């Protein structure tokens with residue numbers, strides 16, 4: 001990358017960080033625990049969110065910000081589960097940025113929210129560079145993508161604390177070793193915690209949902 | 001996006017276009033047909049390339065430029081098939097650009113190449129904006145990614161003339177309608193031509209390889 005491009009990128013990122021800090025303060029003021037979900041297109045973010053919302057909505061007040069390059073399809077799917085959803089259509093943009101999220105937070109009923117899901121644009125590269133003000137970045141990878149993804153796209157795995165491995169019901173039909181995938185991800189980020197889920201069979205969803213519930217509690221106590 | 005950022009983006013793209021035109025002229029001077037392969041991470045680009053190389057190397061002189069954010073893994077996998085491969089490690093960059101490809105073309109034996117595969121970074125958004133000087137953009141999507149991808153990431157499907165649907169052996173285990181995927185892709189780009197492949201079962205590979213061989217011939221006659 002030329003030095004001119006690096007400079008522009010640094011300016012954009014530092015402006016973004018400032019707005020992200022404001023988002024973080026606003027969310028903290030309302031005691032809202034928030035997760036920024038990052039993955040490739042088609043790794044199952046929206047379907048996992050649908051299942052998670054059904055699981056948690058009896059006990060927690062949920063909200064979703066759904067980012068997409070084009071269409072409001074994901075937002076519409078999630079709205080059907082009876083929770084507040086705001087869509088961000090980036091119009092070609094390859095990631096969500098803090099300003100887009102700031103404008104969207106203004107549309108949500110923050111005093112009535114415990115847990116906010118931010119579903120980023122499907123892209124395993126760019127979204128990891130942009131802090132949105134979230135409590136936690138969560139990286140997802142489906143078993144169909146192959147075990148090498150953490151090595152080839154390390155930034156997202158390095159900046160997340162949680163890795164959700166999705167579509168585990170398909171493992172019997174694939175040449176995929178969960179152990180190798182975990183080893184690869186840990187070689188990039190030794191502190192990663194894993195959940196192994198299938199939105200189709202339901203495997204692992206109770207554990208994942210339970211962990212989110214605990215994090216909401218911990219976040220409340222910690223502030 | 002702010003007008004300042006749009007302006008920067010336009011400047012970067014127009015500088016890229018100039019180098020892409022030089023790459024295109026260089027490839028044409030050597031009669032090399034070249035394809036720029038764009039997809040999500042984990043859609044099976046490298047495995048399809050391995051199978052395609054084995055199929056075509058008895059009759060065509062092949063070369064590969066393999067782009068990755070990090071690691072030379074894909075390049076090493078392809079080198080084992082006994083053809084010239086050059087790796088581009090973008091070091092965090094989310095797409096290949098024309099300048100990177102220009103530097104790499106200088107390392108290849110162009111007079112001894114008929115068909116050049118350029119494997120882009122796994123990213124369904126950013127690579128579609130950057131012309132590399134290729135003859136053809138090819139978009140891949142695996143059946144595990146879901147039928148809605150062309151609607152949600154339209155740019156890559158609009159700028160390609162060919163769509164390779166991969167991993168079709170997994171369809172029986174998925175809730176995936178090939179017909180709906182094709183309809184969605186055609187709603188974005190009515191001129192798209194499709195190949196349906198499985199690198200695992202071998203389905204569709206002869207047809208895809210045959211088409212590439214024909215295109216190399218047509219390209220030679222046309223210049």
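Here are the numbers:
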{"read-out": "Evaluation of residue A:79 against (1) surrounded by fewer than 24 Cβ atoms within 10 Å (Cβ to Cβ); (2) under 14 Å from the mean Cα position of the chain (by Cα) (one fails), failing number", "value": "(2)"}
{"read-out": "Residue in segment B:143-156 that is within 12 Å of the chain's Cα centre (by Cα) and at pLDDT 95 or above present", "value": "yes"}
{"read-out": "Helices (runs of 4 or more DSSP H) (entirely within segment A:81-177) containing at least 3 residues that are touching a residue at least 24 places away in the same chain (Cβ under 8 Å), in contact with a helix residue (DSSP H, G or I) (Cβ under 9 Å, 6 or more places away or on another chain) and within 12 Å of chain B (Cβ to nearest Cβ)", "value": "A:149-152, A:154-159"}
{"read-out": "Where residue B:196 falls short, out of the listed (1) surrounded by 24 or more Cβ atoms within 10 Å (Cβ to Cβ); (2) under 16 Å from the mean Cα position of the chain (by Cα); (3) over 30 Å from residue B:25 (Cα atoms)", "value": "(1)"}
{"read-out": "One residue from B:31, B:42 being more than 30 Å from residue A:142 (Cα to Cα) and part of a loop (DSSP other than H, G, I, E, B)", "value": "B:31"}
{"read-out": "Subset of segment B:58-69 [surrounded by fewer than 16 Cβ atoms within 10 Å (Cβ to Cβ) and either within 11 Å of another protein chain (Cβ to nearest Cβ) or touching a residue at least 40 places away in the same chain (Cβ under 8 Å) (or both)]", "value": "B:59"}
{"read-out": "Meets criteria (at negative phi, modelled with pLDDT of 95 or more and crowded, with 19+ Cβ neighbours inside 10 Å) for residue B:179", "value": "no"}
{"read-out": "Any chance residue A:47 is touching a strand residue (DSSP E or B) at 6+ places or on another chain (Cβ under 9 Å), assigned to a helix (DSSP H, G or I), within 14 Å of chain B (Cβ to nearest Cβ) and touching a residue at least 40 places away in the same chain (Cβ under 8 Å)", "value": "yes"}
{"read-out": "Residue match in segment A:209-222 (condition: in contact with a strand residue (DSSP E or B) (Cβ under 6 Å, 6 or more places away or on another chain), buried (at least 18 other Cβ atoms within 10 Å of the Cβ), assigned to a helix (DSSP H, G or I) and away from chain B (no Cβ under 14 Å))", "value": "yes"}
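The values are calculated or read from the model by the stated rules, or taken from the named source; none is laboratory data. Remember, predicted model here, so these are calculated numbers, not experimental data. Virtual Cβ from ideal backbone geometry, glycine too; neighbours counted across all protein chains shown.
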